[in-house]
1. Any residue in the range 44-65 that is closer than 10 Å to L90 by Cβ sitting within a Cβ distance under 8 Å of a residue that is assigned to a strand (DSSP E or B) and of a type in the set (S, T, N, Q)? List the pairs, counting only those 6 or more apart or interchain.
2. For the chain, which fully contained strands (runs of 3 or more DSSP E) count at least 1 residues that are acidic (D, E) and at pLDDT 60 or above?
Amino acid sequence: MRLATTCEYLSDMSTQRQGDASIKNRQNHRSHDQMSTTQFVKGWVVKLKSGGPLMTVTGHETDEYGEKVYCQWFGDKNKLEYSTFDPATLSIISQD
């Protein structure tokens, strides 16, 4: 009976340490993202790192979830499109 109690205690301690490490990793990841982002400016031309059309930055905002960059572009049949992007997914093409 004593061995089971010791194993349960060790298991609980291991789970708690894993939870603490997970929280610390999320905090480090969040602060790293905040330090590495560029302050995007209205009028800059950007493109998704994975490709796609050139887009114009129309604004940005930072909240408790991180930074968001608002962009617009002309899609198929010259239809004006717009969306919000994570700055880590964008490449700056022009800063005019």
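1. Sorted first by the residue in the range 44-65, then by its partner, the pairs are W44/T56; W44/S94; V46/T56; V46/S91; K47/S91; L48/S91; K49/S91; M55/Q72.
2. Per the criteria, 55-63, 66-74, 80-85.
The values are calculated or read from the model by the stated rules, or taken from the named source; none is laboratory data. As the structure is a prediction and not an experimental result, all values here were calculated from the model. A quick note on method: Cβ atoms are made from the backbone with ideal geometry, for glycine too, and the neighbour counts reach across all protein chains shown.
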